[in-house]
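Visitor: Just dropping this structure here.
The values are calculated or read from the model by the stated rules, or taken from the named source; none is laboratory data. Just so you know, these numbers come straight off a predicted model, no measurement behind them. Every residue, glycine among them, receives a Cβ derived from its backbone with ideal geometry; neighbour counts consider all protein chains shown.
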Amino acid sequence: MSSKDTPCASASRLDPSKDSQIVEASQSRKDIVSIIDSLKKQVAAERCVFIKKRMEENKEKLMGITNHVYALSKERRCNGINGTNKNLGLLVKRQGDTLGMLNGLDLNNGEKDTNGAQEDNHASSAVLIGTSFGVKNNIVRPIKLPEVKKLPPYTTWIFLDRNQRMTEDQSVVGRRRIYYDQNGGEALICSDSEEEIVEEEEDKREFGNCEDYILRKAIQEVGSSDDVLDLLAQCFSRRPCEVKARYELLTKEEKDALFIKKGNIEDNTQMDDSFFDKDLDAALDSFDNLFCRRCLVFDCRLHGCSQDLVFPADKQLPWNHPDEEKVPCGMHCYRLAQKSESIATMSSPVHDGLEEKPVPSSCSAGNQISPRKKGANPSAGRKTKSNQSESASSNARNASESSESEIRPRQDSASIHHSSSPPKAKLVGKCGVRKRNSKRVAERVVVCMRKRQKKMVTSDSDSVVSGCIWPRDMKLRSNSRKENEEAISSQRKVKTPPIRKSRRKESPIQESKKSALAEVHDEPSDEMAKGPLVATSDETSRKEEFVDDNVCKHEATGDKSWKAIEKGLFAKGLEIFGRNSCLISRNLLNGMRTCAEVFQYMNCTENKLSYRGSELRTRSRFVRRRGRVRRLKYTWKSAGYHSIRKRITERKDQPCRQYNPCGCQSACGKQCACLLNGTCCEKYCGCPKSCKNRFRGCHCAKSQCRSRQCPCFAADRECDPDVCRNCWVGCGDGTLGVPSQRGDNYECRNMKLLLKQQQRVLLGRSDVSGWGAFLKNSVGKHEYLGEYTGELISHREADKRGKIYDRENSSFLFNLNDQFVLDAYRKGDKLKFANHSPDPNCYAKVIMVAGDHRVGIFAKERINAGEELFYDYRYEPDRAPAWAKKPEATGSKKEEVSSSGRAKKLA
Amino acid sequence: MAKTAIGCEPTVGSLAPSKKREYKVTNRIQEGKRPLYAVAFNFIDARYYNVFATVGGNRVTVYQCLEGGVIAALQSYVDEDKDESFYTLSWACNIDGTPFLVAGGINGIIRVIDAGSEKIYKSFVGHGDSINEIRTQALKPSLVVSASKDESVRLWNVHTGICILIFAGAGGHRNEVLSVDFHPSDIYRIASCGMDNTVKIWSMKEFWTYVEKSFTWTDLPSKFPTKYVQFPVFIASVHSNYVDCNRWLGDFILSKSVDNEIVLWEPKTKEQTPGEGAIDILQKYPVPECDIWFIKFSCDFHYNAAAIGNREGKIFVWELQSSPPVLIARLSHVQCKSPIRQTAMSFDGSTILCCCEDGTIWRWDAVGAS
């Protein structure tokens, strides 16, 4: 390297100039060059030594390995000799034969006698080939290997049961691809490079350690004049400004390093409390970014991460539970606190305006959802519609949780009324699992919460078991105020020291996670036992309008002691549960704040924060009512269908439009993204249900949505139970009870893709060519057979891949909509092997399913079991490969085949 | 390919012959008219160190090297399908030590031949296209791995006939896989390379239970729960063209493209982020006129030397583990002019075999070595 670069440098030095200054400068340049050169040589020498060392190390290691392998192979020889297996012998025997022959040859003084080799039981024997050239080797009688039928060619592919968006690194755009001529031996044909210039990699090269070293040394020795930078840049083959920037960075780093060394000691002490300083938004960051609100999974491969957050304009009702209103949630429930105070304050209600309006349970019954669903999922309401029974059971669960989550300070051990369950760890364990997916930080918060919680539990003395929980309430209610005060203060006492301890111990998080999981597994049975117990209780006293003096004392300090994350969790809790401190403290602030504290804080912040809950609630109610009115007026001609009807009439040749949810917060206006894009608003949009651009489903019942009379069917959409009025399907064999049916007794037949109700497809050798897809069971006309899945790629990508596939004369591209093409080449399902036919028995159709376009394959006629499936690929006429052309067209268009851009299937 | 930064330059071997060892032609066999694509000594069993096999066309032939340059033909197998063209072979063995010959080619069928009883033992159907290389795990010689045009690498158990793992999918090769090799000591690791210009290192550590299960599987092989390994632990872009041969040299990798050289480099995997990582190119072994693809090199048992043929029928023998690399010998013969697809070095490197596109096998013996 150095020898190559020197002439370069000297060339610049030879500029014709007579000025003595320049001569001087060039002189100094010469010095600089020599210094840089010597540095480079030094680096190069070090590199050589380094490589030599690495090679030595590797050699030594490898020596051990090969010796081990050698020993293994020797062992095999010993086994072979000792073994009695006759079959082992043949190769050995042949070896022996040849040796014998060779010896025989020696005796015969080199006279060759290959044909005289002794025949034995086995037909062939060894043949010697001497040193003379040109002996033909056809004397050993060959052993025949029976023919095995080979498979039709295919590329190894991954099965997909749903479409996936292409990941960045799978793109072939901008990548050089080299082909070889299958018939022409070695000829290398480089890819069509005129359209792509590959230079991305060259742009930013990182500075290596050695470059840094030379840079620093050189500047140390000769200063950082422009000349030096210039020459260094030449030496690194970079721009001088880059070198300068790098030098500045280096010097800065050096200073920082020094600084850090000094300040190192103090830094460490603050580390362990870090996540408490994070606010909730940071903790929920990955939840927002990675959770797909359409598929309800993390890391969705279809819609990708970092989707735009769309918040629905229709807010759900805050969590409400009839039982919760009546029963104190635990030892530190604000209700108990105020009960003890009630004698004093009975006649003087404080903060009258805070009174929470109870939501009639009849109304809320349909809207009860678990907090997780609610938080995660804007369309949670949909869930509850379809499985009310589930939500009912979750009611019970929550109730039981409430019974299990009392916080018991030490003083309480005197009272015998304790449940035997080990409640805290369990509950938080569950909590932990809920959050696990959402975010590591959040998870750590929970784990730590649990740690604290555990400490609290252990600080409880083991209490005597008694089966019933409820009498305790009565007893607690009669507790004197003094006792209550004690309880709170002692609880504080108990709470703080163990945390320190647990932090110091730093018990591995992993382990505690495991235990959390284990506990969760145990839980269900527990719940079952507890459920009925809770149900029997029917306490009705509700006194939250009274605020305990005792609690109020702390008001002044309360606000400040709350950490950012606690505040964030509280705010979220308000959003989810409304003003229900029991639920907030239990579900979100467990182990951090007691119910009473939450209640107190809620009241403190009342004046500062405007509480939007009730306002929201009324608004959403209002909207709901309006929605219902609309629905009664609903007709096929209602305004919501305007755009879709337009599309139906105009469609035919145009590709469908990709839907992206809009974030409109009120009814969509002219600037609505969906409207501009020409798609309908869907349930995933932010806009309220009353939006005029919404597709509002069908309300077919008897027709079962199987004909174009159904608006969904006519619009090439599947019915959506969230949207359509009467669409439902039964599940199971009915032994578990029939779901509540809407409309008449007819199941919707237009949800097969959504429900994956597909036919069994078999892969086999085609009767036509290559692979083929076959049907296992016979089906009737228009029956849904299965989905054509694959990678979703852009049209640009598809053009590029198409060219590659054209070379192989097999294409799995399928035009999906204006934005995406499906490629089943590497990922897909068996239907990708269905062959083309001009007279097919199936047809493909692009259908909108829950906001996504998907390709369904349907039977065009009745198909018998075991028949091969064909459908018309519907290539664009000028791009179709020769075999897919209509017979009459093939003759005339043959010459165009080679120039065709790409062939993509159409629905 | 990016220019190497200062301080990371590889040591390049000099083409000046060192005359460390001299070889001379001692035998030549014309096996047939069809090109021979592979030749390999049996390193699996010490009894057969002097036994080698060649493949070409639809024929597999087993020979023995005897003293004085004599070669004895021991066995010959012919596929009944005349269109079969074998590209690769590897020696393996049954768990009881029976020597197996594993060969594959254009038909995509892997043939496992029991050389002890001279019968076909099993045929593996599964690859969707031709097979470009087969290698045997030296520590467990009934495991073989195959690289195929169908863009996958598959791990097989020749004893039970099970396809254990398929290395393909989301992170897999994007074009034909041309070469594959087992790590010499880390039994979980393999490296593969191909026409997508990359070298990928795969780990089967998480799937090892399936490998173990394959030895005791008694049900039909097709019922075995074959697993896909979709993501390699390391992807290296060392070359800018087809990579047609790679071999582990300890923890380093030797690989070659069509750039007239073999490159030795070190993969530097990061524990936290699998898939990404840096490469450090340590040494280069120039091989003139080696600019066509499907030319493979071979090493002796202890990896002291490697032999590679070129487009013009010459062989370059490099000392692998010295720094800088030393060219042990350059072998040429006036009558050997067609491309050499593969070479084979005997256990101690004293015999070098090469098979050519014109269907000839050449034997070179070290002068002075007994």
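Visitor: Taking the residues in region B:101-148 that are basic (Lys, Arg) and more than 8 Å from every other protein chain (Cβ to nearest Cβ) as candidates, determine which candidate is surrounded by the most Cβ atoms within 10 Å (Cβ to Cβ). Walk me through it before giving the result.
Guide: Let us first name the residues in region B:101-148 that are basic (Lys, Arg), namely B:111, B:119, B:122, B:135, B:140.
Still in the running and more than 8 Å from every other protein chain (Cβ to nearest Cβ): B:122, B:135, B:140.
Numbers: B:LYS122: 17, B:ARG135: 23, B:LYS140: 17.
Step by step, filter region B:101-148, then rank; the result is B:ARG135.
Visitor: Run down B:ILE328, B:ILE315, B:ILE295 and say which single residue is within 12 Å of another protein chain (Cβ to nearest Cβ), surrounded by 18 or more Cβ atoms within 10 Å (Cβ to Cβ) and in contact (Cβ under 8 Å) with a residue 12 or more places away in the chain. Please lay out each step first, then the result.
Guide: Working: B:ILE328 fails: within 12 Å of another protein chain (Cβ to nearest Cβ); B:ILE315 fails: within 12 Å of another protein chain (Cβ to nearest Cβ).
It is B:ILE295.
Visitor: Quick check on B:SER222: is it over 19 Å from the mean Cα position of the chain (by Cα) and surrounded by fewer than 21 Cβ atoms within 10 Å (Cβ to Cβ)? Outline the logic, then answer.
Guide: Details: over 19 Å from the mean Cα position of the chain (by Cα): yes; surrounded by fewer than 21 Cβ atoms within 10 Å (Cβ to Cβ): yes.
Against the criterion (over 19 Å from the mean Cα position of the chain (by Cα) and surrounded by fewer than 21 Cβ atoms within 10 Å (Cβ to Cβ)), B:SER222 qualifies.
Visitor: Condition test on A:THR155, is it modelled with pLDDT of 80 or more, surrounded by 11 or more Cβ atoms within 10 Å (Cβ to Cβ) and within 12 Å of chain B (Cβ to nearest Cβ)? So that I can check it myself, show each step before the final result.
Guide: Numbers: modelled with pLDDT of 80 or more: yes; surrounded by 11 or more Cβ atoms within 10 Å (Cβ to Cβ): yes; within 12 Å of chain B (Cβ to nearest Cβ): yes.
In short, yes.
Visitor: Separate question: Can you tell me which residue among B:SER18, B:SER90, B:SER85, B:SER76 is hydroxyl-bearing (Ser, Thr, Tyr) and over 28 Å from B:ASN132 (Cα atoms)? Lay out the reasoning, then the answer.
Guide: Working: B:SER90 fails: over 28 Å from B:ASN132 (Cα atoms); B:SER85 fails: over 28 Å from B:ASN132 (Cα atoms); B:SER76 fails: over 28 Å from B:ASN132 (Cα atoms).
Step by step, each of B:SER18, B:SER90, B:SER85, B:SER76 is checked, and only B:SER18 is hydroxyl-bearing (Ser, Thr, Tyr) and over 28 Å from B:ASN132 (Cα atoms).
Visitor: Related question: Can you tell me which residue within region B:68-100, out of those that are small (Gly, Ala, Ser) and in a loop (DSSP other than H, G, I, E, B), is farthest from the other protein chains (Cβ to nearest Cβ)?
Guide: Our first condition is that a residue be small (Gly, Ala, Ser); within region B:68-100, this holds for B:68-69, B:72-73, B:76, B:85, B:90, B:92, B:97.
Retained after the next criterion (residues that are in a loop (DSSP other than H, G, I, E, B)): B:85, B:97.
Numbers: B:SER85: 12, B:GLY97: 5 Å.
Per the stated criteria, the residue is B:SER85.
Visitor: Right, something else. Looking only at region A:240-256, decide whether some residue is in a loop (DSSP other than H, G, I, E, B), within 14 Å of chain B (Cβ to nearest Cβ) and touching a Phe, Trp or Tyr at 6+ places or on another chain (Cβ under 9 Å).
Guide: To start, the set of residues in region A:240-256 that are in a loop (DSSP other than H, G, I, E, B) comprises none.
Within region A:240-256, none of the residues are in a loop (DSSP other than H, G, I, E, B), within 14 Å of chain B (Cβ to nearest Cβ) and touching a Phe, Trp or Tyr at 6+ places or on another chain (Cβ under 9 Å).
Visitor: Given (1) within 14 Å of another protein chain (Cβ to nearest Cβ); (2) more than 30 Å from A:GLU56 (Cα to Cα), identify the lone condition not met by B:PHE215.
Guide: It fails just one condition, (1).
Visitor: Can you find a residue that is under 30 Å from A:CYS724 (Cα atoms), assigned by the TED database to the domain that holds A:TYR871, part of a loop (DSSP other than H, G, I, E, B) and at pLDDT below 90 anywhere in region A:801-815?
Guide: Of all residues in region A:801-815, those under 30 Å from A:CYS724 (Cα atoms) come to A:814-815.
Narrowing further to those that are assigned by the TED database to the domain that holds A:TYR871: A:814-815.
Adding the requirement that they be part of a loop (DSSP other than H, G, I, E, B) leaves none.
Within region A:801-815, not a single residue is under 30 Å from A:CYS724 (Cα atoms), assigned by the TED database to the domain that holds A:TYR871, part of a loop (DSSP other than H, G, I, E, B) and at pLDDT below 90.
Visitor: Working carefully through the options B:SER346, B:SER323, B:SER338, find the one that is among the small types (Gly, Ala, Ser) and in contact with a helix residue (DSSP H, G or I) (Cβ under 6 Å, 6 or more places away or on another chain).
Guide: On the way: B:SER346 fails: in contact with a helix residue (DSSP H, G or I) (Cβ under 6 Å, 6 or more places away or on another chain); B:SER338 fails: in contact with a helix residue (DSSP H, G or I) (Cβ under 6 Å, 6 or more places away or on another chain).
Going through B:SER346, B:SER323, B:SER338 in turn, the sole match is B:SER323.
Visitor: Run B:THR160 past the list (1) within 16 Å of the chain's Cα centre (by Cα); (2) more than 10 Å from chain A (Cβ to nearest Cβ) and report the number of the one that doesn't hold.
Guide: Just one mismatch for B:THR160, condition (1).
Visitor: Something else about it: Of the conditions (1) more than 13 Å from chain A (Cβ to nearest Cβ); (2) surrounded by fewer than 21 Cβ atoms within 10 Å (Cβ to Cβ), B:ILE308 fails just one. Which one is it?
Guide: Among (1) more than 13 Å from chain A (Cβ to nearest Cβ); (2) surrounded by fewer than 21 Cβ atoms within 10 Å (Cβ to Cβ), the lone unmet condition for B:ILE308 is (2).
Visitor: When the residues of region B:1-58 are filtered to those that are among the charged types (D, E, K, R) and in a strand (DSSP E or B), which remaining residue is nearest to the other protein chains (Cβ to nearest Cβ)?
Guide: It comes out as B:ARG28.
Visitor: In addition: Of a type in the set (D, E, K, R), more than 23 Å from B:CYS8 (Cα to Cα) and either loosely packed, with under 12 Cβ neighbours inside 10 Å or within 14 Å of another protein chain (Cβ to nearest Cβ) (or both): does that describe A:LYS217? Let's see the steps before the verdict.
Guide: Working: of a type in the set (D, E, K, R): yes; more than 23 Å from B:CYS8 (Cα to Cα): no; either loosely packed, with under 12 Cβ neighbours inside 10 Å or within 14 Å of another protein chain (Cβ to nearest Cβ) (or both): yes.
When the stated conditions are applied, A:LYS217 does not pass them.
Visitor: Still on this model: Looking only at region A:578-602, count every residue that is among the small types (Gly, Ala, Ser), in a loop (DSSP other than H, G, I, E, B) and farther than 13 Å from A:GLU566 by Cβ and tell me the total. Spell out the reasoning first.
Guide: Of all residues in region A:578-602, those among the small types (Gly, Ala, Ser) come to A:578, A:581, A:585, A:591, A:596.
Then keep just the ones that are in a loop (DSSP other than H, G, I, E, B); that gives A:578, A:591.
Narrowing further to those that are farther than 13 Å from A:GLU566 by Cβ: A:578.
Going through region A:578-602 one residue at a time, the tally reaches 1.
Visitor: Do the conditions hold for B:PHE182, that is, is it surrounded by 21 or more Cβ atoms within 10 Å (Cβ to Cβ) and under 26 Å from A:ASN58 (Cα atoms)?
Guide: Details: surrounded by 21 or more Cβ atoms within 10 Å (Cβ to Cβ): yes; under 26 Å from A:ASN58 (Cα atoms): yes.
For B:PHE182, the condition - surrounded by 21 or more Cβ atoms within 10 Å (Cβ to Cβ) and under 26 Å from A:ASN58 (Cα atoms) - is met.
Visitor: Against the definition (hydrophobic (A, V, I, L, M, F, W, C) and either touching a residue at least 24 places away in the same chain (Cβ under 8 Å) or surrounded by fewer than 21 Cβ atoms within 10 Å (Cβ to Cβ) (or both)), how does B:ALA72 come out, yes or no? Break it down stepwise before answering.
Guide: Numbers: hydrophobic (A, V, I, L, M, F, W, C): yes; either touching a residue at least 24 places away in the same chain (Cβ under 8 Å) or surrounded by fewer than 21 Cβ atoms within 10 Å (Cβ to Cβ) (or both): no.
So B:ALA72 does not fit the description; no.
Visitor: Determine if region A:20-30 includes at least one residue that is modelled with pLDDT of 80 or more and part of a helix (DSSP H, G or I).
Guide: Applying the first criterion (modelled with pLDDT of 80 or more) to region A:20-30 yields A:30.
So of that shortlist, the ones also part of a helix (DSSP H, G or I) come out as A:30.
Yes, region A:20-30 contains a residue that is modelled with pLDDT of 80 or more and part of a helix (DSSP H, G or I).
Visitor: Go through (1) crowded, with 24+ Cβ neighbours inside 10 Å; (2) under 17 Å from the mean Cα position of the chain (by Cα); (3) over 24 Å from B:VAL263 (Cβ atoms) and name the single condition B:SER346 misses.
Guide: Of (1) crowded, with 24+ Cβ neighbours inside 10 Å; (2) under 17 Å from the mean Cα position of the chain (by Cα); (3) over 24 Å from B:VAL263 (Cβ atoms), only one is false for B:SER346: (1).
Visitor: For region A:810-829, name all the residues that are within 14 Å of chain B (Cβ to nearest Cβ) and not aliphatic (A, V, I, L, M). Let's see the steps before the verdict.
Guide: Initially, region A:810-829 is screened for residues within 14 Å of chain B (Cβ to nearest Cβ), giving A:810, A:812, A:823-828.
Of everything in region A:810-829, those that are within 14 Å of chain B (Cβ to nearest Cβ) and not aliphatic (A, V, I, L, M) turn out to be A:SER810, A:PHE812, A:ASP823, A:TYR825, A:ARG826, A:LYS827, A:GLY828.
Visitor: Do the conditions hold for B:GLU22, that is, is it under 30 Å from A:VAL49 (Cα atoms), charged (D, E, K, R) and surrounded by fewer than 18 Cβ atoms within 10 Å (Cβ to Cβ)?
Guide: Values: under 30 Å from A:VAL49 (Cα atoms): yes; charged (D, E, K, R): yes; surrounded by fewer than 18 Cβ atoms within 10 Å (Cβ to Cβ): yes.
Criteria met by B:GLU22.
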